[in-house]
Amino acid sequence: MTSNEIRQQFLDFFTSKEHRIVPSAPVVPYDDPTLLFTNAGMNQFKDVFLGTGSREYKRAADTQKCIRVSGKHNDLEEVGHDTYHHTFFEMLGNWSFGDYYKKEAIGWAWELLTEVWKLPKERLWATVYRTDDEALNYWKSETDINPAHILKFDEKDNFWEMGDTGPCGPCSEIHINLSDDLSAAHLVNAGSPLCIEIWNLVFIQYNRDANGTLHDLPAKHVDTGMGFERVCAVLQNKKSNYDTDVFTPLINAVAKLSGVNYDENLPADDNSPVGQSNISMRVIADHIRTLTFAIGDGATPGNEGRGYVLRRLLRRAARYGRKINLKEPFLYKLVKVVVDNFSHVFPEIKSNQSNIEKIIKAEEESFNATLDRGIELFDVLVKKMNAKNEKIISGNDVFKLYDTYGFPVDLTAVMAREQGFAIDETRFNELMDEQKERARKSTKDKLGVVTVTIDKLDDFNLLSTAPTEFRGYDELRCEAKIIGCKNDNDKSLVVLDRTPFYVESGGQVGDKGNLIVNDTHLRVVNLLKVNNQIVHVVENENNISLTTGMKIIAEVDSNRRWDIMRNHSATHFLHRAMREILGKHVQQAGSLVNPDHLRFDFTHFEKVSQAEIEAIESFVNEKIRENLPLNHHRDTPFEEAKKMGALMFFGDKYGDKVNVVQFGDFTMEFCGGTHVKNSSQIGLFKILSESSIASGVRRIEAVTGAGVEKFIKEQQLRIENGELRINELHDEKKKLEKELAELQLKAKLGGLDSILSSPSDVNGIKVFKGKVSAANMDELKSMGDELREKMKNGAGVLISEIDGKVGIVAVVSDDLIKEKKILARNIVKQIAQVVGGSGGGKPHLATAGGKDVSKIDEALAGVEKLF
């Protein structure tokens with residue numbers, strides 16, 4: 001049977017058992033911020049199991065797209081190195097929501113496997129939880145399995161839990177023995193490829209409370225999951241999932257692109273060159289499926305959360321591509337193969353194909369620019385380690401590879417392991433934390449925030465530990481009582497029972513204003529939240545007496561707050577507009593909302609064009625003018641807010657109750673910030689700039705209201721002074737100069753043909769040499785790069801007169817470096833001595849300079865003697 005037939009037979013079987021066939025949920029779980037990716041078929045029914053939701057049907061079945069690359073399901077290092085682990089897979093499943101239970105689930109599973117698919121009964125084994133005699137007895141009564149093939153296991157293998165608390169229950173797994181020993185009970189649950197689990201039947205019958213006690217659920221559920229790729233391998237009689245027709249179209253495409261054949265007869269752990277090529281092809285085939293389906297459902301590669309997972313996978317696949325001669329972007333070409341083979345089941349990848357290809361190609365091009373340099377640095381590190389007889393690569397070096405060359409830490413770990421090394425991941429993580437802290441501090445410094453650190457309020461003489469009541473959504477001035485305070489040099493730290501002051505959160509900066517004490521205004525310069533109580537940091541140079549129980553007036557700087565609210569509301573409009581115009585893959589990746597401007601970081605794979613910027617700007621302003629009212633849903637139960645359709649983001653922390661900000665029917669997001677009462681209060685919206693801040697992440701800076709007025713005045717002034725036109729001419733001049741330089745260099749590179757056509761042969765080494773015309777050393781170095789690429793193997797020397805001095809570049813092919821230890825830096829050092837200079841560089845390319853231009857011909861004539 002083909003994989004398509006196997007999938008369809010599964011669905012048809014459960015249709016005959018009165019199940020509703022439901023579509024796969026997106027692999028990006030937009031309604032569950034606790035998950036990176038959908039990792040099981042039950043994810044879309046989580047609310048049913050938790051008792052917070054229901055369905056119009058009691059029985060369901062589907063094939064669910066799943067990604068497992070993190071947490072307890074992280075098998076990334078095994079992917080491609082064995083025959084059955086994957087980052088993306090389909091999970092065939094059937095469910096009962098308080099309807100049928102163990103008897104039917106076990107009987108139907110056996111019926112499908114042995115009567116429909118005709119699997120040999122003597123090879124099948126069933127496992128049950130150690131105390132689940134009910135399931136054990138049903139295996140005996142509802143099937144004709146060999147009773148000796150029913151085994152009991154403990155919690156590790158046969159008890160399912162959604163979390164530390166909540167729905168849980170025993171499970172019964174079905175394994176198939178692929179070995180020659182049909183009585184090999186020791187292989188079951190032993191992690192052996194000779195005996196693999198193909199179906200897990202979970203019986204959700206308990207609720208575990210906070211004390212760990214199990215209570216019977218009022219309704220019992222069935223949740224089953226079958227690995228589609230695994231069962232295809234069994235039914236197609238293949239030893240590896242990668243040898244089934246699920247993967248062979250992809251592996252054949254990789255083989256065609258690389259010119260390297262795949263040998264399915266070799267075992268997965270074969271260490272020969274062909275075996276290593278097989279691993280590369282399997283990794284690539286696996287990872288491109290994950291990338292295609294995840295990006296097709298709206299995820300994008302980035303530096304945080306699920307975006308970073310995708311970027312790691314893409315760069316891992318690109319590096320494995322290098323091992324089979326794929327040095328140019330190639331992954332995006334494989335998207336079509338995935339679409340051709342799976343879009344009839346998952347049509348969303350077809351409709352998003354162009355976007356998926358663009359995103360992957362842009363990521364490949366970005367990483368390829370640094371991959372070779374990173375590999376070169378890694379090789380240097382390895383040589384140093386070998387020289388010192390050390391086996392652990394320092395966290396500092398691992399961090400440099402990440403920070404400078406974009407090498408994910410797990411990619412460095414793979415490269416290290418391949419050569420018998422380990423990495424100091426602890427030190428790497430320390431450096432990452434330090435970098436994040438520097439970034440946070442830099443942001444606060446730029447905003448002029450007075451930094452005060454408090455982690456507890458023990459010495460504040462608190463009258464109450466109740467949370468400070470925030471009144472700032474509705475009023476900017478209120479009477480309040482001091483319930484705790486302390487002095488800190490020329491500042492006082494004051495806790496109030498209520499306040500209109502907003503504490504910095506979610507990208508929105510904190511308020512400023514005054515605490516008014518007996519007609520004295522004390523300036524509020526910072527705010528902190530400690531144990532849900534708000535600490536006001538106030539300037540108190542005159543040591544005005546502040547005591548607990550004192551009544552004061554808390555007053556926010558209203559002009560500043562209104563500017564902040566305009567900018568914050570505008571970010572919601574901007575976000576919606578970009579998702580409409582650029583695509584649903586656009587997601588917020590960071591923001592800053594202050595009184596002067598707004599900054600919005602978002603995921604996107606290319607520069608936003610001027611036409612797109614103008615369209616976004618017009619769309620936002622059009623909606624602003626519609627006078628859309630604010631509907632501020634406060635303290636809304638989280639599950640209810642999800643059902644409203646509010647936009648939410650992975651990694652954000654949501655409590656049991658949340659705030660949702662909605663403007664008309666245009667935009668609705670989870671947000672705890674402050675906003676205008678209707679869209680017309682935003683005024684005008686103007687985008688000032690669009691730029692790249694990281695691979696796959698871009699930034700828009702914009703202004704609203706008074707900020708637009710300021711921008712217009714500045715533009716008028718520039719025009720009046722003629723600066724605008726001058727700058728335009730200057731930019732055009734620089735552009736033309738760049739184009740001219742590129743054309744000149746191209747012409748000079750063409751002159752290398754004569755040098756390439758007449759090499760000398762010295763002791764079996766091809767030597768290319770010649771005098772060229774270069775404007776500067778960078779240009780000469782570029783000519784050296786071109787010579788090295790075109791000569792394929794050998795050594796080359798180019799000499800040029802540059803500004804009255806001698807410029808030299810030497811290049812050496814990799815085979816001469818490895819086999820004959822010929823290094824470019826040694827060549828230039830010897831030539832430089834002839835022309836009165838010095839130089840150095842890397843093994844494959846080095847440069848030097850000299851003073852005596854009269855010795856150029858003599859230096860060239862002596863090149864062959866160096867070999």
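Some notes on this structure:
- Rounded accessible area per residue of the range 99-207, 1.4 Å, Å²: 42
- Compactness index (Cα Rg / 2.2 N^0.38 Å), the range 479-527: 1.18
- The range 19-104 - percent of accessible surface contributed by carbon and sulfur, probe 1.4 Å: 49
- The P(r) of the range 475-584 has a tail past 24 Å containing 32 percent of all C-alpha pairs.
- Amide H contacts for residue 245 (H built 1.01 Å from N in the peptide plane; partners 5 or more residues away or on another chain; cut-off under 5 Å): 3.
- Three-way shape label, the range 729-840, alpha-carbon gyration tensor, a/c 1.5: prolate
- Whole-Hz couplings from phi, Karplus 6.51/-1.76/1.60, listed for the range 686-697; x for Gly and Pro: 9, 7, 8, 7, 9, 8, 9, 10, 6, 4, x, 10
- Interchain or long-range residues, amide H under 5 Å from residue 705's placed H: 684
- Ranking 417, 306, 20 by solvent-accessible area of protein heavy atoms (1.4 Å probe, all protein chains present), from largest to smallest, gives 417, 20, 306.
- Shape call, the range 93-177: gyration tensor on alpha carbons, a/c limit 1.5: prolate
- Surface accessible to a 1.4 Å probe, residue 709 within the full protein complex, Å²: 110
- Within-11-Å neighbourhood charge of residue 843 [Cβ basis; K, R +1; D, E -1]: +2
- Shape call, the range 167-212: gyration tensor on alpha carbons, a/c limit 1.5: prolate
- Its convex hull of Cα atoms gives the chain a direction-averaged projected area, equal to a quarter of the hull surface, of 46.4 nm².
- The loop-placed trypsin sites (Lys or Arg not before Pro) in the range 770-856, going by DSSP, that have at most 15 neighbouring Cβ atoms within 10 Å of their Cβ come out as 792, 821, 851.
- Per-bin percent of Cα-Cα distances, the range 166-255 [10 Å]: 15, 31, 25, 20, 8, 1
- Estimated FRET transfer efficiency when R0 is 22 angstrom, pair residue 99-residue 54 (beta carbons, to 0.05): 0.95
- Computed extension length for residue 78-residue 631: 194.1 nm, one decimal, from 0.36 nm per residue of separation with the Cα-Cα distance subtracted.
- Listed residues 665, 243 arranged by accessible area, highest first, probe 1.4 Å: 665, 243
- Exposure rank, largest accessible area first [597, 730; 1.4 Å]: 730, 597
- Table column - 3J(HN,Hα) (Hz), the range 842-848, Karplus curve with 6.51, -1.76, 1.60, x for Gly and Pro: 9, x, 8, 8, 9, 10, 8
- Peptides ranked, highest mean first, by Cβ atoms within 10 Å: ranges 634-645, 272-283, 481-492: 272-283, 481-492, 634-645
- Loop-located GluC sites (Glu not before Pro) in the range 39-135 whose Cβ has at most 10 other Cβ within 10 Å (DSSP): 56
- ³J(HN,Hα), Karplus 6.51/-1.76/1.60, whole Hz, each residue of the range 508-524, x for Gly, Pro: 8, 5, x, 6, 10, x, 9, 9, 9, 10, 6, 6, 9, 9, 9, 6, 7
- Residues whose placed amide H lies under 5 Å from that of residue 766, excluding near-sequence neighbours: 795
The values are calculated or read from the model by the stated rules, or taken from the named source; none is laboratory data. As the structure is a prediction and not an experimental result, all values here were calculated from the model. Methodologically, a virtual Cβ is constructed for each residue, glycine included, from the backbone with ideal geometry; neighbour enumeration extends over all protein chains shown. We work out accessible area using only protein heavy atoms, side chains counted, and drop any ligands, DNA or RNA first. Shrake-Rupley method; radii C 1.70, N 1.55, O 1.52, S 1.80 Å.
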